[in-house]
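> Before anything else, here's the structure in question.
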Amino acid sequence: EPEVTQTPSHQVTQMGQEVILRCVPISNHLYFYWYRQILGQKVEFLVSFYNNEISEKSEIFDDQFSVERPDGSNFTLKIRSTKLEDSAMYFCASSPPSRRETQYFGPGTRLLVL
Amino acid sequence: KQEVTQIPAALSVPEGENLVLNCSFTDSAIYNLQWFRQDPGKGLTSLLLIQSSQREQTSGRLNASLDKSSGRSTLYIAASQPGDSATYLCAVNTGNQFYFGTGTSLTVIP
């Protein structure tokens, strides 16, 4: 069964550095999402992406964040200048064109900012 | 804004017991509700998805119900096993995003 994949599984970075988290959505899906989960807290929506543009974003998704679909398969989340509070698990999800309300989640990338 | 609450926050039961996890949400305008399992430090495993027009869904020992008008869902686990120990998350989909609860941490004691 097709799955959403994410790389890397773990990333450690220094505060102020840029990080790029990568996701490969299921191949025929057209809607893409990023969520994050700070340790011990709820999973929170960051952004949704469709047709090469952001369709919705939360208040968490400030100017430090950006998303991109650089080619036909990858979907990336960039954090320009990481802060300690960006340490979290980041989940990518995707939805098929016929069932946008169904999201398939990837395994997550655990980001630690030191 | 949609708020999702899960009760209890933690639950410990002896193996073999049946149990119920509760989820409530404040806005009944949802597309669907999904129950996930999360093991420590791991990703989200989808267990059951209930569309807004449905009342329940079953998969093996799991049964999820949805009462959209009252903003409630339950996840029933029959004959619990130690391997069921995990955090169970409820999430409601408003069409553009999921809103998650804080989860119920379940421990099944052998």
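The values are calculated or read from the model by the stated rules, or taken from the named source; none is laboratory data. Just so it is clear, the structure is predicted and the values come from calculations on it, not from any experiment. Every residue, glycine among them, receives a Cβ derived from its backbone with ideal geometry; neighbour counts consider all protein chains shown.
> Just to verify a result, which residue in region A:68-95, among those that are within 14 Å of chain B (Cβ to nearest Cβ) and within 17 Å of A:Gly108 (Cβ to Cβ), is surrounded by the fewest Cβ atoms within 10 Å (Cβ to Cβ)?
Going through the qualifying residues, I end up with A:Ser87.
> Does region B:28-42 contain at least one residue that is in a loop (DSSP other than H, G, I, E, B), at pLDDT 95 or above and in contact with a Ser or Thr (Cβ under 7 Å, 6 or more places away or on another chain)?
no
> Next question. Taking the condition facing chain B (nearest Cβ under 10 Å), modelled with pLDDT under 95 and not in a loop (DSSP other than H, G, I, E, B), does A:Phe45 pass? Steps first, answer last, please.
Details: facing chain B (nearest Cβ under 10 Å): yes; modelled with pLDDT under 95: yes; not in a loop (DSSP other than H, G, I, E, B): yes.
Yes.
> Now for a separate question. Given (1) without any contact (Cβ under 8 Å) to a residue 12 or more places away in the chain; (2) in contact with a helix residue (DSSP H, G or I) (Cβ under 6 Å, 6 or more places away or on another chain), identify the lone condition not met by A:Val113.
Just one mismatch for A:Val113, condition (1).
> Give me the pairs: first residue in region A:50-66 and within 14 Å of chain B (Cβ to nearest Cβ), second residue among the hydroxyl-bearing types (Ser, Thr, Tyr) and surrounded by 15 or more Cβ atoms within 10 Å (Cβ to Cβ), beta-carbon distance under 7 Å, and six or more apart or on different chains, which are they?
If the second residue must be among the hydroxyl-bearing types (Ser, Thr, Tyr) and surrounded by 15 or more Cβ atoms within 10 Å (Cβ to Cβ), the pairs left are A:Tyr50/A:Tyr31; A:Ser55/A:Ser48; A:Glu56/A:Ser48.
> Can you name the condition, by its number, that A:Leu77 falls short on among (1) assigned to a strand (DSSP E or B); (2) more than 21 Å from A:His10 (Cα to Cα)?
(2) is the only condition that A:Leu77 fails.
> Out of region B:6-41, which residues are more than 11 Å from B:Tyr88 (Cα to Cα) and surrounded by 15 or more Cβ atoms within 10 Å (Cβ to Cβ)?
Correct list: B:Val13, B:Leu19, B:Ser24, B:Phe25, B:Ile30, B:Tyr31, B:Asn32, B:Leu33.
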